[in-house]
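The values are calculated or read from the model by the stated rules, or taken from the named source; none is laboratory data. Predicted model, so just to flag it, every value in this text is computed and none were measured. Every residue, glycine among them, receives a Cβ derived from its backbone with ideal geometry; neighbour counts consider all protein chains shown. Note: accessible area is taken over every heavy atom of the protein model, side chains too, but ligands, DNA and RNA are not part of it. Shrake-Rupley method; radii C 1.70, N 1.55, O 1.52, S 1.80 Å.
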Amino acid sequence: MTATMSGTALLLVHQSESDTGRIGVMLANRGFEIERCCPCAGDILPQDAAAYDVVVSYGGPMSANDCGIDGIRNELNFIPTVLAAGIPFIGLCLGGQLLARALGARVSLHPRGLVEAGFMRIRPTAAGRDWFVESDMFYQWHREGFEVPDSATLLATGDVYPNQAFIYGDNAVATQFHPEVTRDMIDRWTMHGAHQLGQGAAQPCRAHIVGWTLYQARVGRWAAAMLDRLGL
């Protein structure tokens, strides 16, 4: 059984209505005080990253290359202070892309313009084998992908977007997929993004719901194990 922790989790979302999902619930259940911050809606990022015990950066519709957006530029400047303080950092989709960019790697569109949406299988690397015991199926929703920084270790690959997860140091993790997703989030995303579904690597709406039924328990176990590995 996971021990109850104490401390503060800083959750960085990228739209004012964004949900912190499964990861937010898990951290709250583990005893963390939750502080939600939306830099792209004008929230000010903390000056002292060391005041927090974990930072999670979520997904969003903008690009990690959108440095003309104050919130994106400010977050790119903030992430190195988190890493320097040795605080666990979890980057999910856009958050993972921001971590990659902060570490000097490139984020770009798929060369054939493919959108990856729905539950997709990933393949752990030799270095990532222990990280993916609980699940190798994860929910995807993105049109850009990250390269792996020279200073990081690739943990998982995929057929459409080859880089699916990496770790930097001992406690900064980036995923291209969404382990935080809930059924409500899937319903909202498929409703608002229906025009992207069924094209290229994007699965039709029904496949998203079937995938949730089949894989959500496994993904939940994976998310819990990830937090355990990071000492959370």
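Which residues, counting only those in the stretch 195-232, are open to solvent by less than 70 Å² (accessible area, probe 1.4 Å), farther than 30 Å from Gly169 by Cα and not small (Gly, Ala, Ser)?
Within the stretch 195-232, Gln196, Leu197, Gln203, Cys205, His208, Ile209, Val210, Trp212 qualify.
Taking the stretch 148-169, which residues are farther than 26 Å from His208 by Cα, touching a strand residue (DSSP E or B) at 6+ places or on another chain (Cβ under 8 Å) and open to solvent by 10 Å² or more (accessible area, probe 1.4 Å)?
Val148, Ser151, Ala152, Thr153, Leu154, Ile167, Tyr168
Considering only the stretch 26-42, state which residues are buried (at least 16 other Cβ atoms within 10 Å of the Cβ), farther than 15 Å from Gly95 by Cα and out of contact with any Asp or Glu (no Cβ under 8 Å at 6 or more places or on another chain).
Met26, Leu27, Arg30
Name the one entry in Gly86, Gly91 that is under 26 Å from Ala224 (Cβ atoms), touching a residue at least 60 places away in the same chain (Cβ under 8 Å) and touching a helix residue (DSSP H, G or I) at 6+ places or on another chain (Cβ under 7 Å).
Going through Gly86, Gly91 in turn, just one is under 26 Å from Ala224 (Cβ atoms), touching a residue at least 60 places away in the same chain (Cβ under 8 Å) and touching a helix residue (DSSP H, G or I) at 6+ places or on another chain (Cβ under 7 Å): Gly91.
Please enumerate the residues belonging to the stretch 133-189 that are outside any strand (DSSP E or B), within 20 Å of Leu227 (Cβ to Cβ) and of a type in the set (Gly, Ala, Ser).
Ser135, Gly169
Among the residues of the stretch 96-134, write down those that are open to solvent by less than 10 Å² (accessible area, probe 1.4 Å) and either at pLDDT below 95 or more than 16 Å from the chain's Cα centre (by Cα) (or both).
Gly128
Quickly run through the stretch 51-77 and pick out the residues that are in contact with a Pro (Cβ under 8 Å, 6 or more places away or on another chain), open to solvent by 10 Å² or more (accessible area, probe 1.4 Å) and not acidic (Asp, Glu).
The answer is Tyr52, Asn74.
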